[in-house]
1. Using Cβ counts within 10 Å as a stand-in for footprinting exposure, how do S159, S54 rank, fewest first?
2. Using a basic spin-label model with each label point 7 Å from the Cα along Cα→Cβ, how many nm lie between L46 and R184?
3. Need the list of aspartates and glutamates near K27 for cross-linking: C-alpha distance under 14 angstrom, and skip anything on the same chain fewer than eight residues off.
4. Starting from the stretch 152-193, pick out the trypsin sites (Lys or Arg not before Pro) whose DSSP state is loop and whose Cβ has at most 11 other Cβ atoms within 10 Å.
5. How would E193, E123 line up from fewest to most surrounding beta-carbon atoms within 10 angstrom?
6. Give, in nm to one decimal, the length gained when the segment between N69 and D102 is fully stretched (0.36 nm per residue of separation minus the Cα-Cα distance).
7. Using modelled amide H (1.01 Å from N, peptide plane; none on Pro or chain starts), what sits under 5 Å from the amide H of M80, excluding residues fewer than 5 places away?
8. Obtain the nm distance between the two label points defined at I59 and I117 by a simple spin-label model: each point lies 7 Å from its Cα along the Cα-to-C-beta direction.
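The numbers here are math on the coordinates, done by the rules we state, and not lab data. The structure displayed is predicted, hence computed values, not measured ones. Don't worry about glycine lacking a Cβ; one is built from the backbone with ideal geometry, like all the others, and counts go over all protein chains shown.
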Amino acid sequence: MTIKKFVIPLIAIACFSCGNDPLPKPKAMLRLDYKKPVYTKVDVRLPFTFEKNSNADKISNIKLDGINNSIGVNINYPAMKGTIYLTYKQVNTTNLDSLLRDAQTLTQKHTIKADEIESVLYENPEQNVYGMFYEVGGNAASQSQFYVTDSTKHFLSGSLYFHAIPNYDSIYPAAVYLKNDIKRIMESVEWKE
């Protein structure tokens with residue numbers, strides 16, 4: 001019986017000896033830092049040139065589509081599990097309206113999941129490049145899209161997609177980083193005559 005008298009008070013003292021109440025830890029966010037972008041001019045067998053972030057893989061999957069008279073180019077970012085898809089089409093006297101409508105419709109399809117879609121007009125009269133940049137907020141499949149054209153010969157559109165379920169909070173740092181790359185592509189486009 002003497003052991004019970006000794007053990008019970010010892011356990012009670014051990015339980016109540018710490019005066020600090022446990023506090024919940026604050027929510028932490030994963031900090032994603034990416035290398036500072038270094039842009040280099042891409043001049044391959046395409047009807048245009050542009051600048052690409054050297055942190056991306058080499059240009060891949062240049063595909064010629066004879067049926068739609070288009071060229072597809074992929075710029076892959078494996079560390080971010082994202083790809084910028086570029087599609088080039090030649091403009092003729094009858095297809096500019098449909099190309100513009102298709103580019104705008106593609107962006108509007110994301111309104112189901114998007115919280116907002118912000119559009120920014122782009123004009124570079126010196127290089128004869130005009131277009132629109134779309135930033136899509138929320139859990140949409142694509143966070144950034146654009147198109148540029150000279151209205152007479154060339155039309156280039158692009159979209160950013162991640163190879164993951166779109167959770168805007170999780171992909172936000174990568175989406176912002178790649179949004180700047182897309183804007184650089186738009187600003188650096190030069191048409192080849």
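1. S54, S159
2. So the label points at L46 and R184 sit 1.4 nm apart.
3. Result set, ordered by chain and number: D169.
4. Answer in residue order: K192.
5. E193, E123
6. Here the answer is 10.4 nm.
7. So M80 has HN proximity to no qualifying residue.
8. 2.8 nm
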